[in-house]
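The numbers here are math on the coordinates, done by the rules we state, and not lab data. If you're wondering where the values come from, they're calculated on a predicted model, not measured in any experiment. Note that we place each Cβ from the backbone using ideal geometry, even for glycine, and neighbour counts take in every protein chain shown.
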Ligand code: ACO
């Protein structure tokens with residue numbers, strides 16, 4: 001039987017840091033309000049000429065190096081993003097070219113903040129088919145481009161960044177189980193409802209959100225999908241070493257951990273430094289905790305995501 005395992009992680013954050021204090025000069029807000037409501041202190045913002053594929057490249061190079069392989073050995077490249085460089089070609093194809101490789105399939109996954117967990121499950125299925133040995137899965141976003149910097153209710157919540165993993169075929173299971181869901185009837189609570197038509201942007205090109213509705217749905221589905229995924233593995237919340245929920249808001253993380261009865265010390269939190277980086281948030285948090293030595297080989301980690309669509313999912317990973 002062939003399984004997939006994570007053999008390398010990587011992350012990339014643009015150099016520019018925007019603190020809550022900096023935001024006080026842009027919109028009518030305060031460090032105190034933002035921190036109390038969200039746990040966020042700062043976020044990284046890409047330069048105008050930096051695209052999602054540029055951030056993806058930084059994360060991918062780290063993950064490939066940590067995996068001990070070379071880019072030409074990749075059999076599959078998946079990029080999860082809602083802020084692609086172009087309408088087409090895909091950010092994954094642009095990343096493939098930047099990595100200097102050709103031929104392996106490369107495509108984007110669009111599931112907003114759940115995109116990385118969706119991508120991981122897709123890559124796992126490719127590897128389990130026995131026809132692909134190494135897969136690169138990246139979450140990369142420049143959400144700063146789709147924020148309305150006059151809307152204090154949304155612009156304080158997001159940041160830019162990329163995270164990546166390399167999956168390898170293995171005889172021992174690394175990804176034990178994944179569960180994915182979507183409910184398109186809730187599309188309106190979190191969306192960027194613009195499009196390009198006749199050479200012009202039509203509709204609204206900025207992120208819009210019903211914060212309270214998103215908060216309530218996020219806490220409910222993160223608990224549900226955690227229990228669903230653990231049940232498939234015949235495990236309890238107490239069996240996992242680390243919980244990595246989508247890094248949207250520290251109150252969502254705390255509420256999820258509490259409902260699952262998980263000690264907050266076993267939850268990886270990066271939202272304070274990265275804010276919400278959408279599809280990049282889970283792989284960036286994973287990479288942070290691998291590099292600082294908290295997550296070690298053999299640890300069981302539950303990755304969870306929730307985002308626009310509405311989409312949500314979870315994956316139980318043994319490192
Ligand atoms: N600074 C200061 N005041 C603000 C700000 C701000 N940045 N934003 C809103 N306010 C004000 C509002 O105008 C309102 O004022 P009023 O009472 O005079 O009308 C007051 O603060 C309360 O606003 P609410 O929207 O009720 O605040 P709430 O407690 O719901 O917190 C928040 C808002 C933080 C967005 C919360 O709803 C939330 O975290 N929702 C989850 C959304 C989320 O995490 N989205 C990320 C994307 S989704 C995802 O990744 C799954």
Practice task
Note down the nm distance, to one decimal, between modelled labels 7 Å out along Cα→Cβ at residue 265 and at residue 241.
Solution key: 1.6 nm
Problem - Spacing of the two label points (7 Å from each Cα toward its C-beta) at residue 103 and residue 254, in nm - result: 5.3 nm
Practice task
Compare the peptides 8-14, 273-279 by average per-residue count of other Cβ atoms within 10 angstrom and give them in order, highest first.
Solution key: 273-279, 8-14
Exercise for the section: May I ask you to compute the full-extension gain from residue 231 to residue 185, defined as 0.36 nm times their residue separation minus their alpha-carbon distance, rounded to one decimal in nm? Expected result: 13.9 nm
Completion exercise
For the range 176-318, averaging the sequence separation of alpha carbon pairs under 8 Å that lie six or more residues apart and dividing by its residue count, the contact order in percent is 35 percent
Fill in the blank from the handout: Ranked on Cβ counts within 10 Å of their own Cβ, fewest leading, 172, 227 go 172, 227
Completion exercise
Fewest to most Cβ atoms within 10 Å: 126, 116 sort as 126, 116
Exercise for the section: Could you tell me what percent of the DSSP beta bridges with both partners in the chain are antiparallel, to the nearest 5? Expected result: 75 percent
Handout entry: Per-residue Cβ neighbour rank within 10 angstrom, fewest leading, 272, 124
Key = 272, 124
Practice task
Would you mind computing, in nm to one decimal, how far apart the modelled labels at residue 26 and residue 170 are, each placed 7 Å from Cα along Cα→Cβ?
Solution key: 4.0 nm
Practice task
Measure out, as a whole number of angstrom, how far apart the alpha-carbon centroids of the range 1-77 and the range 174-225 sit.
Solution key: 20 Å
